[in-house]
Amino acid sequence: QRVTQPEKLLSVFKGAPVELKCNYSYSGSPELFWYVQYSRQRLQLLLRHISRESIKGFTADLNKGETSFHLKKPFAQEEDSAMYYCALSGRSTDKLIFGTGTRLQVFP
Amino acid sequence: DSGVTQTPKHLITATGQRVTLRCSPRSGDLSVYWYQQSLDQGLQFLIHYYNGEERAKGNILERFSAQQFPDLHSELNLSSLELGDSALYFCASSTQDRGGTEAFFGQGTRLTVV
């Protein structure tokens, strides 16, 4: 059971598309989440795959074939600058497993 | 406000000392998770309690221990502190013991060991 976020830092300019990568390994049917953390504050749930909703313009699709749950936004805003954590849970685990996080920097 | 309360917000202590971090989960949540966040290591899972029972242990040092009380609040005890223990300690709560549910995080306790 593992979550991999290959990029430590992603820098883009305002208005550019953003894709934060997340790959996972899990035996069974996972629940995937994206959490956001602004300036070392509390982590907040951004979205979860089961709800299939878009929050603050972000979307993420669970691709079971590629075991991925990439986070996307078509036009980045400066206020999107934060740490983003992909997380995995499921019926066969007692914990929420986090990736190492990707820092998104959006320049004006 | 997530409904999860952690105290204290900041703690500065000397090496070799012992501290206790406290977490009150959201009303109705039976699960409490503890995580350590240091600058270079991201979020590390420490331990999970459900309704007073330990359910899972992660990379928790033997110098660290935790418990969950009948009123469901939890305490994380850190002893023989070292400089490397300086970090943000988060607790999170959720309704279920098994996965699949959202976890709500507290604001964290920033521990500085000098």
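The values are calculated or read from the model by the stated rules, or taken from the named source; none is laboratory data. Computed from a prediction, not measured in an experiment: that's the story for all the values here. Glycine gets a Cβ as well: all are built from the backbone with ideal geometry, and neighbour counts include every protein chain shown. What goes into the accessible areas is simple: the full protein's heavy atoms, side chains included, and nothing from ligands, DNA or RNA. Shrake-Rupley method; radii C 1.70, N 1.55, O 1.52, S 1.80 Å.
Convex hull volume per residue, computed on the Cα atoms of segment A:15-107, equals 93 Å³.
Hey, got the dipole for chain A? About the Cα centre, +1 on K and R Cβ, -1 on D and E Cβ, debye to the nearest 20?
180 debye
Note on A:E19: accessible area is roughly 60 Å² with a 1.4 Å probe, heavy atoms of protein only. Interface residues of segment B:38-55, defined as a loss of at least 50 Å² in heavy-atom accessible area between the chain alone and the complex of all protein chains with a 1.4 Å probe, are B:L43.
The Kirkwood radius of the protein assembly as shown, taken over pairs of alpha-carbon atoms, gives through the Stokes-Einstein law at 37 °C and 0.692 mPa s a diffusion coefficient of 184 µm² s⁻¹. The Cα atoms of segment A:1-65 define a convex hull whose projected area, averaged across directions, is 5.5 nm². Normalised per residue, the accessible area of chain B is 46 Å², obtained with a 1.4 Å probe and no contribution from ligands, DNA or RNA.
Measure off, as a whole percent, the carbon and sulfur share of the 1.4 Å-probe accessible area of chain B, all protein chains present.
Result for chain B: 44 percent of the exposed heavy-atom area is carbon or sulfur.
Per residue, the accessible area of chain A comes to 49 Å² when a 1.4 Å probe rolls over the protein heavy atoms. Equivalent-ellipsoid semi-axes for segment B:1-47 (Cα gyration tensor, √(5λ), whole Å, largest first): 22, 15, 10.
What's the Cα-based Rg to Rh of chain B, Rh via Kirkwood?
Answer for chain B: 0.95.
Panel note: contact residues of segment A:42-66 (accessible area lowered by at least 50 Å² against the chain on its own; 1.4 Å probe) correspond to A:R42, A:L43. Between B:L11, B:L61, B:L76, the GNM of chain B built on Cα springs shorter than 10 angstrom shows B:L61 fluctuating the most. Rolling a 1.4 Å probe over the protein chains gives B:L72 an accessible area of about 30 Å². Total lysine pairs in chain A at Cα distances under 22 Å, for residues eight or more apart or on different chains: 17. Between chain A and chain B, the total buried accessible area stands at approximately 2100 Å², from heavy atoms with a 1.4 Å probe.
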